[in-house]
Structure formats: C-alpha cells, structure tokens
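What follows is a set of notes on a single structure, which appears directly below.
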Ligand SMILES: CC(C)(COP(=O)(O)OP(=O)(O)OC[C@H]1O[C@@H](n2cnc3c(N)ncnc32)[C@H](O)[C@@H]1OP(=O)(O)O)[C@@H](O)C(=O)NCCC(=O)NCCS
C-alpha cells in the first residue's frame, strides 16, 4: 500500500524565473534566439521537478515547443513552471512563457511547453517521485491531459516503429506518390 504522506501539492514546487532579454541573446534578425528560451525552459523545468522530487532529475523529453511570436531585446521574459502530471519516476512540467514590454505594459503569452523530467537517485537509478495533490479543477485538468499526452506518445512511438518494419518497395513508392520527393535507388 502506498504511503499517502508521500504526496506534494502543485503549489509546493511551482516555480517562476524572470529574465531580462539582453542584446547578446539576439540572433542576426535582432530577435531572441530560440536556443536561449529553450535553455531557460530547461532550467525552470529542472528547478520545479527537483523541488517536487526532492533531488536530482534529468530531462527526458520536450513536447510542443512552438515559438508563436518573436521576443524582442529589452523585454522581460517570465517562465512559469508547475508539475502537471506524475507517473512513477517521471513528471510532466508545464511551462508557460510570458514576454512583457515594460515601456508599453504589453504582456504576451508566447508559448506553453511540456518537459518530461525523470528523478534519479545518487546511483543514477530511477527514483519514485511523490504523488500529486490536486487542489483545483485546473490542476485536475492538467493531470488528465498529462496522462493522455503520455498515452498518445506511447501510441505514436509504436506507430512509428511499425513504419520502420514496412519494407515493401512498391508500397513505399505508392505511399510517397503525392509527396515532393524522388526515389533514385
Ligand atoms: C530517461 C531515462 C532515465 C529512461 O530510462 P529507461 O531505463 O528507458 O527507463 P524507463 O523506460 O523505465 O522510463 C522511465 C520513465 O521515463 C518515462 N519515459 C522514458 N522515455 C520517455 C519519453 N521519450 N518521453 C516521455 N517519458 C519517457 C517512462 O514512461 C517512465 O516513466 P514512469 O517511471 O513515470 O512510468 C534514460 O534514457 C536516461 O537517463 N536518459 C538520459 C537523460 C539525460 O541525460 N538528459 C539530459 C539530456 S542532455
């Protein structure tokens, strides 16, 4: 029987990082590099996950990083992270990214991404993470969506591995007929 004391609230580990977008973060077009944002997202995901798990975690997977709007030099970027779902050793951390222009007081939601983090012990073995105490409807919704996302990833993975088994050259030719490619072997 699982120890019910081994549970933590979402609030306990919710973490926000705010960073000023300085000129050295910009690309040749003068906008903020996607890689800078990815690095900040990884940082806040780690902070949130390691707090929930009370220890070392690694990033396993990153889902849906869509940069919908560019971020400008001089803007303040806030990354809000919280645990959306927990399995045994894994946690899905939802990260909401907000860009703020302090001169015009404009606030934009630029993207939401989901990082899967896994907890490990000092011997680098997988470690069971605390369960999640859901305190409102939004947290329940996040948890259910996180579970669905995990199931869909497993289905997606098995569909892709089926594709690798399809080696009939004629079928492949037919399958790719409408696509913009030429098979030259
Ligand atoms: C991630 C890792 C621990 C998985 O190890 P494994 O022996 O394959 O373990 P499992 O298959 O049992 O997976 C462990 C957990 O991760 C989850 N997981 C594994 N691969 C996943 C993926 N691609 N996406 C989402 N979750 C994944 C599993 O569902 C499982 O969750 P659960 O314990 O909550 O049920 C291992 O591959 C690893 O250490 N990778 C390197 C991570 C790293 O160094 N990251 C930094 C990159 S620079």
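FYI, it's all coordinate maths here, none of it is from the lab. All of these numbers come straight from a predicted model, not from anything done at the bench. Quick reminder, even Gly has a Cβ in these numbers, built from the backbone with ideal geometry, and neighbours come from all protein chains shown.
List of remarks:
- Residues in the range 26-60 that are more than 28 Å from residue 136 (Cβ to Cβ), surrounded by fewer than 19 Cβ atoms within 10 Å (Cβ to Cβ) and without any contact (Cβ under 8 Å) to a residue 60 or more places away in the chain: 26, 27, 28, 29, 30, 31, 33, 34, 35, 36, 38, 39.
- Screening the range 9-18 for residues that are out of contact with any helix residue (DSSP H, G or I) (no Cβ under 6 Å at 6 or more places or on another chain) and touching a residue at least 60 places away in the same chain (Cβ under 8 Å) and picking the one that is farthest from residue 153 (Cα to Cα) gives 18.
- Test: residue in the range 116-138 that is touching a residue at least 60 places away in the same chain (Cβ under 8 Å) and within 23 Å of residue 21 (Cα to Cα): no
- The listed residue being within 15 Å of residue 86 (Cα to Cα) and in contact with a strand residue (DSSP E or B) (Cβ under 7 Å, 6 or more places away or on another chain), out of 144, 149: 149
- Scanning the range 73-92 for residues that are surrounded by 16 or more Cβ atoms within 10 Å (Cβ to Cβ), within 16 Å of the ligand (Cβ to nearest atom) and assigned to a loop (DSSP other than H, G, I, E, B) yields a total of 1.
- Of all residues in the range 49-72, those satisfying the criterion of being within 12 Å of the chain's Cα centre (by Cα) and within 13 Å of the ligand (Cβ to nearest atom) are 49, 59, 60, 61, 62, 63, 64.
- Restricting attention to the range 32-62, the residues being in contact with a helix residue (DSSP H, G or I) (Cβ under 7 Å, 6 or more places away or on another chain), in a strand (DSSP E or B) and farther than 15 Å from residue 20 by Cα number 2.
- Any hit, the range 103-119, residues being under 18 Å from residue 44 (Cβ atoms), within 16 Å of the ligand (Cβ to nearest atom) and part of a loop (DSSP other than H, G, I, E, B): no
- Selection within the range 120-135 - in contact with a strand residue (DSSP E or B) (Cβ under 7 Å, 6 or more places away or on another chain) and either within 9 Å of the ligand (Cβ to nearest atom) or in a loop (DSSP other than H, G, I, E, B) (or both): 120, 126, 127, 129, 130, 135
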